[in-house]
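Undergrad: Encoded as structure tokens, here's the structure I'll be asking about.
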Amino acid sequence: MASIDKAAIGFTIAIVAIGVGFAFVGEGSQNVAMVSPPIVSSPTTEQPGQQTDPFANIADKVKESAVTKELEDVGEEMEDVVEEVATEVEEAMEKTSEKVEAIVEEMEDVGEEMKDVVEEVVPSGPKTLSVEIPSGTAVPGCEETNECYLPPSVTINQGDTVNWDNVDTAAHTVTAGSPADGPSGAFDSGLILGGAQYSNTFADAGNFKYFCMVHPWMVGTVQVN
């Protein structure tokens, strides 16, 4: 019995001791000030892309100024080039105009020459040529200079007409043939009195000689093409 009581008393004392210990710890925790751990701020490091360059605006303005100056220089160069090209074009146009005028004049001359050639080669229509029987041919002497008929020889085309005009006071004839062989019968005017005329249209091609039957030294020729 005595041992049981001692055990109970010891157990009781242990419980009380534990309670006192808890009480002491509680009071100590209330009396101790709460100290927060120091906060250490880490240094802020800015990213390279987020840095602010105090000279950025100045650099941009310098760049813009340089570009503007370069553009102005290019514009001036372009103006010079345009003026130079315009001058060259104007000079080329003037030279071209002069060449064109020269070509036009040359073509006009060629046209006139071609017109004459065409008129000679391709007759535009029947023509009439005049032959004069000069004054004084009734007396020998005109045969020495071949001026008994003026002109003494003519060239015509088929269908053309030759008109003989006697300006002499004496009568003459225009007879196809020759003094040596006589009349050929191709044409014969008969007597052409002074101041009178005789015409003949040649329908056939050939070389026609003629003479004056009254004055046989007078001879002439008509070539018909």
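Read-outs: derived from the displayed coordinates by stated rules, not from any lab. For clarity, every value in this text was computed on a predicted model and none was experimentally measured. With ideal geometry, Cβ positions are generated from the backbone for all residues, glycine too; neighbour counts draw on all protein chains shown.
Undergrad: Given a Förster distance of 30 Å, report the FRET efficiency between GLU113 and ASN225 from their Cβ-Cβ distance, rounded to the nearest 0.05.
TA: So, using R0 = 30 Å, E works out to roughly 0.90.
Undergrad: Relative contact order, percent, of the range 132-183 when contacts are C-alpha pairs under 8 Å separated by at least 6 residues?
TA: 44
Undergrad: Also, quick follow-up: What number, in percent, do you get for the relative contact order of the range 83-225 if the mean sequence gap of Cα pairs under 8 Å and at least 6 apart is divided by its residue count?
TA: Value for the range 83-225: 23 percent.
Undergrad: Neighbouring Cβ atoms within 10 Å as the yardstick, rank TRP217, TRP164 fewest first.
TA: If I rank by nearby Cβ atoms, fewest first, I get TRP217, TRP164.
Undergrad: Find out how many positive minus negative residues lie around VAL162, taking Lys and Arg as positive, Asp and Glu as negative, among other residues whose Cβ is under 14 Å from that of VAL162.
TA: Surrounding charge for VAL162 is -3.
Undergrad: Within straight cross-link reach of LYS127, meaning Cα distance under 18 Å, which aspartates and glutamates are found once same-chain residues fewer than 8 apart are removed?
TA: By straight Cα distance, LYS127 reaches ASP116, GLU119, ASP160, ASP165, ASP204.
Undergrad: Given 0.36 nm per residue, what is the gain on full extension from GLU84 to VAL100 after removing their alpha carbon distance, in nm?
TA: The span from GLU84 to VAL100 would gain 3.4 nm if fully extended.
Undergrad: Now, a different point. Using Cβ contacts closer than 10 Å as the measure, can you line up ILE192, ILE103 from fewest to most?
TA: ILE103, ILE192
Undergrad: Please order THR96, THR155 by the number of other Cβ within 10 Å, starting at the fewest.
TA: With the fewest neighbours first, THR96, THR155 line up as THR96, THR155.
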